[in-house]
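The values are calculated or read from the model by the stated rules, or taken from the named source; none is laboratory data. Owing to the predicted nature of the structure, the values given are computational and were not obtained by experimental measurement. Virtual Cβ from ideal backbone geometry, glycine too; neighbours counted across all protein chains shown. Areas reflect the complete protein model, heavy atoms only, side chains present, ligands, DNA and RNA absent. Shrake-Rupley method; radii C 1.70, N 1.55, O 1.52, S 1.80 Å.
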Amino acid sequence: MSIYLTVDTIEKFKAAAQAEGSRYQTMISNVLDTYTLQYLQ
């Protein structure tokens, strides 16, 4: 599966993940999961 994200969005997630010592892909997944649980049920 693939999704399209802008370069700017990816770079922001990469910076945030690096600051937290985590992976940006995991961070994006967590954000999408949280949004889904709150708004798409």
- Query: Which of the trypsin sites (Lys or Arg not before Pro) found in the chain are loop residues per DSSP with 16 or fewer other Cβ atoms within 10 Å of their Cβ?
  - Reply: Arg23
- Task: Please give, to one decimal in nm, the separation of the simple spin-label points placed at Thr6 and Val31, each 7 Å out from Cα toward the Cβ.
- Result: 1.2
- Excluding ligands, DNA and RNA, what is the solvent-accessible area per residue of the chain at a probe of 1.4 Å, expressed in Å²? 91
- the chain, accessible surface, carbon-and-sulfur percent (1.4 angstrom probe): 56
- Query: When the convex hull of the C-alpha atoms of the chain is computed, what volume per residue in Å³ does it have?
  - Reply: 80
